[in-house]
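Engineer: Here's a structure for you.
The values are calculated or read from the model by the stated rules, or taken from the named source; none is laboratory data. If you're wondering where the values come from, they're calculated on a predicted model, not measured in any experiment. Positions of Cβ are backbone-derived with ideal geometry, glycine not excepted, and every protein chain shown enters the neighbour counts.
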Amino acid sequence: MIKKIGVRQLKVGMYVHDFNCDWMEHPFMRNQLAITSEEQLRKVHESGIHELYIDTGKGLDVADAPSAEQVRSTLERELHDMAARQPAATIRVSLAEELARAAQVKHQAHQLVRNVMADARLGKAVELDEVEPVVESITESILRNPGALTGLLRIKNKDDYTFLHSVSVCTLLVAFCRSAGLGAEETRQAGLGGLLHDTGKALVPDAILNKPGRLTDAEFDIIRKHPRDGYEILLRTPGVGDIPLDIALHHHERMDGSGYPDKLPGQRITAFAQMAAIVDVYDAITADRCYHKGMPAAEALRKIYEWSKFHFDPAQVQAFMRCVGIYPVGTLVLLESGRLGVVIEPHETNLLAPKVRVFFSTKSNTYIKPLDLDLSKPLGMGGGDRILSHESAEKWRVEPMRFFGIGA
């Protein structure tokens with residue numbers, strides 16, 4: 001049985017099933033391993049991990065620890081209770097209307113980040129007059145339909161991850177700020193910070209940045225320099241504001257003080273850096289990387305909600321969930337009818353009843369003619385179904401984004 005325990009309950013002889021953190025945040029070569037020495041225990045404690053999952057079939061047990069299923073059930077019940085009473089973002093134009101414009105914005109932003117990184121490698125300052133129009137285009141797309149660009153950015157080529165990750169963080173951070181009711185100038189500054197937050201990675205050798213496996217301790221040390229390196233690069237940028245500088249420097253800080261580069265405790269991390277940290281982790285763990293498969297967006301939200309007990313501000317995490325929805329645009333869901341569908345738009349007042357494009361029958365195991373359903377409406381009015389669970393595309397061997405209305 002898989003059980004969740006506190007790190008202080010971990011002993012030699014136990015088998016770690018899941019370190020319960022971002023893959024890049026723990027110091028071991030594998031995500032699962034037997035604990036065979038006190039040295040391993042020390043490394044786990046020093047990594048900032050507070051809770052993890054053990055496999056009692058492969059190692060020692062803890063009698064009173066909750067099972068993974070019990071934890072999952074509790075977390076999902078809390079999320080559903082929260083979602084049922086939260087409004088979603090306003091949709092001004094349909095997904096179909098915005099997709100073509102969003103695709104152009106994605107391409108424009110992708111190329112810009114490439115250029116910024118290339119210039120940074122050459123020691124050149126960032127040209128804000130080139131960056132600001134792109135942030136403005138992203139913001140305008142978010143205001144028209146938040147799901148179009150965020151959905152498009154779910155599709156990332158592994159080789160372009162570093163560049164598209166920056167575009168995603170900018171996009172999600174702008175949407176987050178708008179959802180939280182922040183003003184236009186603060187949102188613009190946060191967007192600049194999101195787009196430029198990883199500029200310091202320009203100084204990381206490609207062999208480390210794109211390594212198809214676990215990094216060594218020395219390589220981790222190099223990666224962990226990128227927030228301060230990015231901050232130093234932006235300091236040389238005329239006209240850059242305090243918010244982008246703060247986001248670049250502190251987007252890897254954590255509320256319990258376990259982050260880097262400054263190990264700031266929660267009360268010293270600004271709201272913008274906290275928001276950027278949530279967005280950064282969410283996009284990172286949902287993306288396919290050269291060393292691991294991204295998890296479904298709905299699963300990632302559940303993990304971030306679980307981690308908010310120590311690493312993030314729980315109120316900020318809940319605000320982010322109100323922004324993207326419990327089932328973010330692009331999520332594959334299983335309906336009560338046995339059909340699979342991809343979420344194409346959140347409902348304005350009920351995050352549990354989005355608009356879904358169904359395309360596959362699990363009963364006949366075949367594709368069906370795509371049909372759009374508004375799950376907030378009854379049968380006969382374009383609805384009449386409900387979500388049972390979010391699903392893995394690999395499990396059903398389907399390609400949901402084919403039916404989102406876009407190509408890769």
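Engineer: Can you pull out the helices (runs of 4 or more DSSP H) entirely within the range 48-157 that have at least 1 residues that are among the charged types (D, E, K, R) and more than 30 Å from residue 349 (Cα to Cα)?
Structural biologist: On the way: elements: 68-83, 95-121, 128-144, 146-152.
Fully inside the range 48-157 and qualifying: 95-121, 128-144.
Engineer: Name the helices (runs of 4 or more DSSP H) wholly within the range 236-328 that hold at least 2 residues that are modelled with pLDDT under 95?
Structural biologist: Qualifying helices (runs of 4 or more DSSP H): 271-286, 297-307, 314-324.
Engineer: With (1) under 17 Å from residue 278 (Cα atoms); (2) surrounded by fewer than 21 Cβ atoms within 10 Å (Cβ to Cβ); (3) aliphatic (A, V, I, L, M); (4) in contact with a strand residue (DSSP E or B) (Cβ under 8 Å, 6 or more places away or on another chain) as the list, and residue 319 as the residue in question, which single condition is left unmet?
Structural biologist: The single condition residue 319 does not satisfy is (4).
Engineer: Could I ask something else about it? Within the range 139-177, track down each residue that is in contact with a Lys or Arg (Cβ under 7 Å, 6 or more places away or on another chain), farther than 17 Å from residue 110 by Cβ and either crowded, with 23+ Cβ neighbours inside 10 Å or among the aromatic types (Phe, Trp, Tyr) (or both).
Structural biologist: Once the filter is applied, which keeps residues that are in contact with a Lys or Arg (Cβ under 7 Å, 6 or more places away or on another chain), farther than 17 Å from residue 110 by Cβ and either crowded, with 23+ Cβ neighbours inside 10 Å or among the aromatic types (Phe, Trp, Tyr) (or both), the range 139-177 yields only 145.
Engineer: Could you pull out the residue among 340, 388, 351 that is touching a residue at least 60 places away in the same chain (Cβ under 8 Å), more than 22 Å from residue 103 (Cβ to Cβ) and not in a loop (DSSP other than H, G, I, E, B)?
Structural biologist: Testing whether each residue is touching a residue at least 60 places away in the same chain (Cβ under 8 Å), more than 22 Å from residue 103 (Cβ to Cβ) and not in a loop (DSSP other than H, G, I, E, B) leaves just 340.
Engineer: I've got another one for you. I'd like to check something: does the range 21-38 contain any residue that is buried (at least 16 other Cβ atoms within 10 Å of the Cβ), at pLDDT 95 or above and part of a loop (DSSP other than H, G, I, E, B)?
Structural biologist: Scanning the range 21-38, I find at least one residue that is buried (at least 16 other Cβ atoms within 10 Å of the Cβ), at pLDDT 95 or above and part of a loop (DSSP other than H, G, I, E, B), so the answer is yes.
Engineer: Residue 102 - would you say it is closer than 17 Å to residue 243 by Cβ and crowded, with 21+ Cβ neighbours inside 10 Å?
Structural biologist: Values: closer than 17 Å to residue 243 by Cβ: no; crowded, with 21+ Cβ neighbours inside 10 Å: yes.
No, not satisfied.
Engineer: Would it be correct to say that residue 112 is in the same structural domain as residue 192 (by TED's automatic domain parsing) and in contact with a Gly (Cβ under 6 Å, 6 or more places away or on another chain)?
Structural biologist: no
Engineer: Considering only residues that are at pLDDT below 95 and more than 19 Å from residue 281 (Cβ to Cβ), look in the range 42-68 and name the one that is farthest from the chain's Cα centre (by Cα).
Structural biologist: Top of the filtered list is 63.
Engineer: Residue under question is residue 199, and the condition is that it be of a type outside the set (Asp, Glu) and touching a Gly at 6+ places or on another chain (Cβ under 9 Å); does it hold?
Structural biologist: yes
Engineer: Just name the residue that is surrounded by the most Cβ atoms within 10 Å (Cβ to Cβ) out of those in the range 382-394 that are among the aliphatic types (A, V, I, L, M) and more than 15 Å from residue 350 (Cβ to Cβ). So that I can check it myself, show each step before the final result.
Structural biologist: Residues of the range 382-394 that are among the aliphatic types (A, V, I, L, M), as a first pass: 387-388, 393.
Among the residues that remain, those that are also more than 15 Å from residue 350 (Cβ to Cβ) are: 388, 393.
Numbers: 388: 12, 393: 14.
Once the filter is applied, the top-ranked residue is 393.
Engineer: Quick check: anything in the range 311-326 without any contact (Cβ under 8 Å) to a residue 24 or more places away in the chain and within 30 Å of residue 25 (Cα to Cα)?
Structural biologist: For the range 311-326, residues without any contact (Cβ under 8 Å) to a residue 24 or more places away in the chain and within 30 Å of residue 25 (Cα to Cα): present.
Engineer: Filter the range 182-213 down to the residues that are farther than 14 Å from residue 117 by Cα, within 21 Å of the chain's Cα centre (by Cα), among the charged types (D, E, K, R) and at pLDDT 95 or above and list them by number.
Structural biologist: The answer is 188, and nothing else.
Engineer: Can we say residue 266 is free of Cβ contacts under 8 Å to residues at least 24 places away in the same chain and surrounded by fewer than 19 Cβ atoms within 10 Å (Cβ to Cβ)?
Structural biologist: The answer is no for residue 266.
Engineer: Just one of (1) surrounded by 14 or more Cβ atoms within 10 Å (Cβ to Cβ); (2) at pLDDT 95 or above; (3) within 24 Å of the chain's Cα centre (by Cα) trips up residue 111, so point out which.
Structural biologist: Looking at each condition in turn, residue 111 falls short on (1).
Engineer: Give the number of residues within the range 177-201 that are touching a Ser or Thr at 6+ places or on another chain (Cβ under 9 Å) and assigned to a helix (DSSP H, G or I).
Structural biologist: Within the range 177-201, residues that are touching a Ser or Thr at 6+ places or on another chain (Cβ under 9 Å) and assigned to a helix (DSSP H, G or I) number 11.
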